[in-house]
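Novice: I'd like to ask some things about the structure below.
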């Protein structure tokens, strides 16, 4: 399967205007609304877990849930960055 003409610009300089999205780290642009919603949900979950974990002094649960929520937040920040330009590797690895 061929993707048509390949870009003549270096891959490191690709943007959505210069290269087809099929050549990006993921072959689509993540949605802004959906990823923003999940980012807000996990941010609220992190804040809630921090408050309740300190209030009820459940330190092990607090640490586990806070780290999990933090990793989810970092993942959705990376997806939001990929919405605007899916070609760089850094948001994909984030």
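Novice: For residues that are outside any helix (DSSP H, G or I) and either loosely packed, with under 14 Cβ neighbours inside 10 Å or out of contact with any helix residue (DSSP H, G or I) (no Cβ under 9 Å at 6 or more places or on another chain) (or both), tally how many sit in the stretch 27-48.
Specialist: Our first condition is that a residue be outside any helix (DSSP H, G or I); within the stretch 27-48, this holds for 27-31.
Now restrict to residues that are either loosely packed, with under 14 Cβ neighbours inside 10 Å or out of contact with any helix residue (DSSP H, G or I) (no Cβ under 9 Å at 6 or more places or on another chain) (or both): 27-28, 31.
Result for the stretch 27-48: 3.
Novice: Something else: I want to confirm something. Restricting to the stretch 1-15 and keeping residues that are part of a loop (DSSP other than H, G, I, E, B) and surrounded by 12 or more Cβ atoms within 10 Å (Cβ to Cβ), which single residue is modelled with the lowest pLDDT?
Specialist: It comes out as 7.
Novice: So, of the residues in the stretch 49-94 that are under 30 Å from residue 27 (Cα atoms) and not in a helix (DSSP H, G or I), which turns out to be nearest to the chain's Cα centre (by Cα)?
Specialist: Here the answer is 94.
Novice: With (1) more than 17 Å from residue 92 (Cα to Cα); (2) modelled with pLDDT under 80 as the list, and residue 23 as the residue in question, which single condition is left unmet?
Specialist: The number of the failed condition is (1).
Novice: With 18, 62, 52 as the choices, which residue is surrounded by 11 or more Cβ atoms within 10 Å (Cβ to Cβ) and touching a residue at least 12 places away in the same chain (Cβ under 8 Å)?
Specialist: 62
The values are calculated or read from the model by the stated rules, or taken from the named source; none is laboratory data. Worth saying up front: this structure is predicted, and the values here are computed from it rather than measured. Don't worry about glycine lacking a Cβ; one is built from the backbone with ideal geometry, like all the others, and counts go over all protein chains shown.
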